[in-house]
Amino acid sequence: MPASKEQVIEALRKAFCMEVETITNYLANSLHLEGVRAEFIKQALAADIQGELLHAQQLGNRIKQLGGTIPGSLELKFDQKALQPTEDTTDVLHTIKGVLQAEQDAISHYRSIIKLTDGDDYVTQDLAITIMSDEEGHRQQFEGFLKEYSKK
Ligand SMILES: [Fe+2]
Ligand SMILES: [Fe+2]
C-alpha cells in the first residue's frame, strides 16, 4: 500500500527541519573554530551552507506542491547533539565527526523517503535521490578530512 500524502508531507517536513538545523550548526562551527588546522574546515562548512539551504528550499517547494505547510521557527525540532560547538575551539576532529553524523542521519532519512514514495510519488522520490546524492558527496569529503586530521 502506498504511503499517504500526509505521511510524505511529514517526512518532507522532518527533512526540512534537519536541513535548517544543519545550516545553523555549519554556520556556528564555521565561525566558532579557530587555528591553522581549522581554517580549511571553516571554509568548507561556510561553503556547504549554500548547498544545504538549496536543499531546504527544494524540500519546501515540494511540501507546498503537496499542499503542506513549511515549518516556521516555532515548529522546528532540533536534536543534532554531535554538532554543537565545543569549549575547545581548536577541536576540529570533534566538528568533523559531528558533520559525519549529521550527513549520515540525512542520508538515512532520504533513504526512508525514497522507500516511502516508491512506486507512487516519483517526483518526491526523485528529489530525495538527488539530495541524497549531494549528502553522500559531503560525507565522502568529510571522511577524507577525518582520515587526514586523525593522523598525529
Ligand atoms: Fe542537505
Ligand atoms: Fe550535506
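Here are the numbers for the structure shown:
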item	result
Inter-residue pairs, beta-carbon under 8 Å, first in contact (Cβ under 8 Å) with a residue 60 or more places away in the chain and in the range 134-152, second exposed (fewer than 12 other Cβ atoms within 10 Å of the Cβ), 6+ apart	none
Selected residue [without any contact (Cβ under 8 Å) to a residue 40 or more places away in the chain, among the aliphatic types (A, V, I, L, M) and within 16 Å of ligand 1 (Cβ to nearest atom)] from ILE113, ILE131, ILE107	ILE107
The lone exception for THR90 - which of (1) surrounded by 17 or more Cβ atoms within 10 Å (Cβ to Cβ); (2) in contact (Cβ under 8 Å) with a residue 40 or more places away in the chain; (3) farther than 25 Å from VAL123 by Cα it fails	(1)
Of residues in the range 31-69 being under 18 Å from PHE145 (Cβ atoms) and small (Gly, Ala, Ser), the one surrounded by the most Cβ atoms within 10 Å (Cβ to Cβ)	ALA38
ILE107 vs. criteria assigned to a helix (DSSP H, G or I), in contact with a Leu (Cβ under 6 Å, 6 or more places away or on another chain) and not basic (Lys, Arg)	no
Pair list, Cβ under 8 Å, 6 or more apart: the range 52-66 residue more than 16 Å from TYR110 (Cβ to Cβ), other residue within 13 Å of ligand 1 (Cβ to nearest atom) and not in a helix (DSSP H, G or I)	none
Filter result (away from ligand 2 (no atom under 16 Å from the Cβ) and aliphatic (A, V, I, L, M)) within the range 59-103	ILE63, LEU66, ILE70, LEU74, LEU76, VAL92, LEU93
Condition met for GLU135 (surrounded by 14 or more Cβ atoms within 10 Å (Cβ to Cβ) and assigned to a helix (DSSP H, G or I))	yes
Selected residue [in a helix (DSSP H, G or I), over 13 Å from the mean Cα position of the chain (by Cα) and within 16 Å of ligand 1 (Cβ to nearest atom)] from GLN140, GLN50, GLN101	GLN140
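For every residue, the table says whether it meets (1) away from ligand 1 (no atom under 16 Å from the Cβ); (2) modelled with pLDDT of 95 or more; (3) charged (D, E, K, R).
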{"position": "PRO2", "(1), (2), (3)": "yes, no, no"}
{"position": "LYS5", "(1), (2), (3)": "yes, yes, yes"}
{"position": "ILE9", "(1), (2), (3)": "yes, yes, no"}
{"position": "GLU19", "(1), (2), (3)": "no, yes, yes"}
{"position": "SER73", "(1), (2), (3)": "yes, yes, no"}
{"position": "PHE78", "(1), (2), (3)": "no, yes, no"}
{"position": "GLN84", "(1), (2), (3)": "yes, yes, no"}
{"position": "GLU87", "(1), (2), (3)": "yes, yes, yes"}
{"position": "VAL92", "(1), (2), (3)": "yes, yes, no"}
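The values are calculated or read from the model by the stated rules, or taken from the named source; none is laboratory data. On a predicted model such as this, the values are computed, not experimentally measured, just so you know. So basically every Cβ, Gly included, is an ideal-geometry build from the backbone, and we count neighbours across all protein chains shown.
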